[in-house]
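Here the structure comes first, spelled out in structure tokens, and everything after it is commentary.
Read-outs throughout are calculated quantities, based only on the coordinates presented, and are distinct from any laboratory measurement. All of these numbers come straight from a predicted model, not from anything done at the bench. Virtual Cβ from ideal backbone geometry, glycine too; neighbours counted across all protein chains shown.
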Amino acid sequence: MPRLRAVRRALPPLGQLRRERRELLHTRENKLRDLGGLVLEMFRRDQFRRELVLEKCTELASLESRVSELDTLISVVVSRGRTRAAVRCECGAPVFWGARFCAQCGRPVETA
Ligand SMILES: [Zn+2]
């Protein structure tokens, strides 16, 4: 499927994905707090504005779906990195991305 390939090529670097995810989670915390304050304020004034609450909730829901999209992208990038960087130790065991020692013989992994 050409469309899938295009998406794979367009994958941003891991650091960028993680940064966006972190910022979104931070924004989410703030928006949740604002929403709580808003609802409380409505209660105080005895003026419940349903539309406003729906709007804020929709915003939060789309933010959360972007976060789960990022989770998927991050796991794809991480597993691709592992596959690509997989090399073999002198003992013949595969050494995975990020490993500092061979899991089989314990030799330190040389970083080229
Ligand atoms: Zn080894």
Would you mind finding the one in E41, E59 that is closer than 28 Å to L14 by Cα, more than 16 Å from the ligand (Cβ to nearest atom) and surrounded by 10 or more Cβ atoms within 10 Å (Cβ to Cβ)?
E59
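Matching residues to (1) more than 16 Å from the ligand (Cβ to nearest atom); (2) charged (D, E, K, R); (3) in contact with an Asp or Glu (Cβ under 6 Å, 6 or more places away or on another chain):
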site: R28; (1), (2), (3): yes, yes, no
site: E51; (1), (2), (3): yes, yes, no
site: E90; (1), (2), (3): no, yes, no
site: G106; (1), (2), (3): no, no, no
For residues that are surrounded by fewer than 13 Cβ atoms within 10 Å (Cβ to Cβ) and either among the hydroxyl-bearing types (S, T, Y) or touching a residue at least 24 places away in the same chain (Cβ under 8 Å) (or both), tally how many sit in segment 17-31.
0
